[in-house]
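Down below is the structure, laid out as structure tokens.
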Amino acid sequence: MSTKERYINLFTDYGFKKIFGEEPNKNLLLDFLNELLREEQGEIKELTYLKTEQLGDTDIDRKAIFDLYCENEQGEKFIVELQKSKQNFFKDRALYYSTFPIREQAERGDWNFKLKAVYTVAILDFVFDEDKNTPK
């Protein structure tokens, strides 16, 4: 058996989604998010995977496709992205992506604008230009 048949590379879209984005492995994503966010968010007990393709409000609006998108038992949303190659304006893209779950919360009629948390977790295999000279 060759190594290609035995191992999945987590730093590919396929491998990342196969390991963290499928129902039988949901506990791995749950553990990962809890390790990252426990102090900020508290213990996440349950996750539900959501549709990763988000459409704009009209046909001409830009859409977004998340690597992973899920919701916890309190209705808080989690976008998890893997970015292997450097992408200019990645921070802007991440902010733009977070607007989709924020806008989903808008209620028709009277609304007090209270929002549930939206977390964007980005696993990057590059260093931002502005951080290149920062000591590790």
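Below is a table of values for the structure above.
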read-out: Average accessible surface area per residue within the chain, 1.4 Å rolling probe, Å²; value: 72 Å²
read-out: Solvent-free Debye scattering, log10 I(q)/I(0), computed from the Cα coordinates of region 9-87 at q = 0.17, 0.22 Å⁻¹; value: -0.74, -1.08
read-out: DSSP beta bridge pairing in the chain, given as percent antiparallel to the nearest 5; value: 55 percent
read-out: Two-site label geometry, residue 43 and residue 127: point separation in nm, points 7 Å out along Cα→Cβ; value: 3.8 nm
read-out: Qualifying chymotrypsin sites (Phe, Trp or Tyr not before Pro) in region 81-136, DSSP loop, other Cβ atoms within 10 Å at most 10; value: 89, 111, 113
read-out: Radius ratio Rg over Rh of the chain, counting only Cα atoms, Kirkwood formula for Rh; value: 1.00
read-out: Percentage relative contact order, the chain, counting C-alpha pairs under 8 Å, at least six apart; value: 19 percent
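The values are calculated or read from the model by the stated rules, or taken from the named source; none is laboratory data. No experiment lies behind these values; they were computed from the predicted model shown. Heads up, the Cβs are rebuilt from the backbone with ideal geometry, glycines too, and the neighbour counts pull from every protein chain shown. Surface areas here come from the heavy atoms of the whole protein model, side chains and all, with no ligands, DNA or RNA. Shrake-Rupley method; radii C 1.70, N 1.55, O 1.52, S 1.80 Å.
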